[in-house]
1. Keeping to the range 174-200, report how many residues are buried (at least 16 other Cβ atoms within 10 Å of the Cβ) and either in a loop (DSSP other than H, G, I, E, B) or out of contact with any Ser or Thr (no Cβ under 6 Å at 6 or more places or on another chain) (or both).
2. Of all residues in the range 188-211, count the ones that are farther than 28 Å from T84 by Cα and either within 16 Å of the chain's Cα centre (by Cα) or modelled with pLDDT under 95 (or both).
3. Would you mention how many residues in the range 132-170 are touching a strand residue (DSSP E or B) at 6+ places or on another chain (Cβ under 7 Å), of a type outside the set (D, E, K, R) and over 18 Å from Q201 (Cβ atoms)?
4. All but one of (1) free of Cβ contacts under 8 Å to residues at least 60 places away in the same chain; (2) within 22 Å of P185 (Cα to Cα); (3) surrounded by fewer than 19 Cβ atoms within 10 Å (Cβ to Cβ) hold for L97, so report the exception by its number.
5. If I go through the range 154-166 residue by residue, how many of them are part of a loop (DSSP other than H, G, I, E, B) and surrounded by 15 or more Cβ atoms within 10 Å (Cβ to Cβ)?
6. For the range 207-225, which positions are farther than 16 Å from A138 by Cβ and either hydroxyl-bearing (S, T, Y) or surrounded by fewer than 19 Cβ atoms within 10 Å (Cβ to Cβ) (or both)?
7. Pull up the range 116-153, narrow it to residues that are among the aromatic types (F, W, Y) and outside any helix (DSSP H, G or I), then point me to the one that is farthest from G231 (Cα to Cα).
8. Any residue in the range 152-171 that is at positive phi sitting within a Cβ distance under 7 Å of a residue that is among the β-branched types (V, I, T) and surrounded by 13 or more Cβ atoms within 10 Å (Cβ to Cβ)? List the pairs, counting only those 6 or more apart or interchain.
Amino acid sequence: MIAVLLCAGFATRLYPLSKFFPKPLLPVAGKTALSSLLDQLISFDGLQRIHLVSNHRFILHFRLWLRSYSSPIPIILHDDGSTTNKNRRGALADLFLALRTEPTPTRVVAAAGDNIFLFSLAPFWRTFCANNYHTVLALHETNVSKLRSTGVLELTNDNFVARLHEKPQQPPSLLACPPIYFLLPSAWSLLATYLANPAHQRDALGHFIDYLCQRERVRALPAYGTRLDIGTIASYRAAIATLARIPSTADNA
């Protein structure tokens with residue numbers, strides 16, 4: 001079982017902070033968002049490798065950072081070759097880039113590298129590993145502006161995903177779906193089919209989850225806690241302020 005962390009975006013909404021530096025490595029109360037996420041992933045039972053995808057412009061920053069980050073699980077760094085926001089590959093193409101280096105499809109947790117979860121992700125991983133369906137998180141969110149900037153779930157009566165709406169102007173529910181997805185091996189071939197169609201969106205992982213849930217069962221697990229999304233200058237400052245009030249993020253994971 002593996003993890004793929006997608007860190008190849010150019011974060012134009014965070015300029016000038018991210019113009020010459022990758023967003024996942026920006027300091028947030030003494031720790032990077034990427035470190036906070038990895039600190040959780042390395043505790044997942046059975047996880048064997050972690051793939052980290054960067055763009056070419058920021059690859060050196062990640063190489064230097066990896067020298068200082070201690071992980072009991074091998075972390076494999078990939079360069080997707082993109083140099084600007086105009087020639088970016090997109091998160092889904094980057095996910096496929098990492099998956100193609102694996103010899104055999106297996107279970108995978110795929111996540112954006114710029115979210116901080118102030119609750120433990122390990123129980124969701126254990127539930128996913130104990131069952132035979134793809135899994136996403138459902139976070140209750142009443143702020144409509146936040147719902148418009150994330151994936152929003154539309155569920156069936158038995159809590160399976162009917163649709164995932166990526167950044168909808170008219171959110172169909174109050175259930176946000178953060179960009180961390182637990183995928184069965186069958187998702188690998190479906191991702192290849194999805195990417196073979198040039199009309200399909202490649203930028204956000206949620207577009208593929210919407211495609212996936214119309215073909216296979218995707219379960220939504222309720223999550224209770226706080227997720228910090230570092231997408232703008234305002235949200236970056238809010239994340240710093242939130243974590244500054246918490247003695248240790250690990251204590252709240």
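1. So the count comes out to 14.
2. 0
3. 13
4. (3)
5. So the answer is 0.
6. Across the range 207-225, the qualifying residues are Y211, Q214, R215, E216.
7. Y133
8. K167/T150
The values are calculated or read from the model by the stated rules, or taken from the named source; none is laboratory data. Computed from a predicted model, the values in this text were never measured in an experiment. FYI the Cβ positions are ideal-geometry reconstructions off the backbone, even for glycines, and counts take in every protein chain you see.
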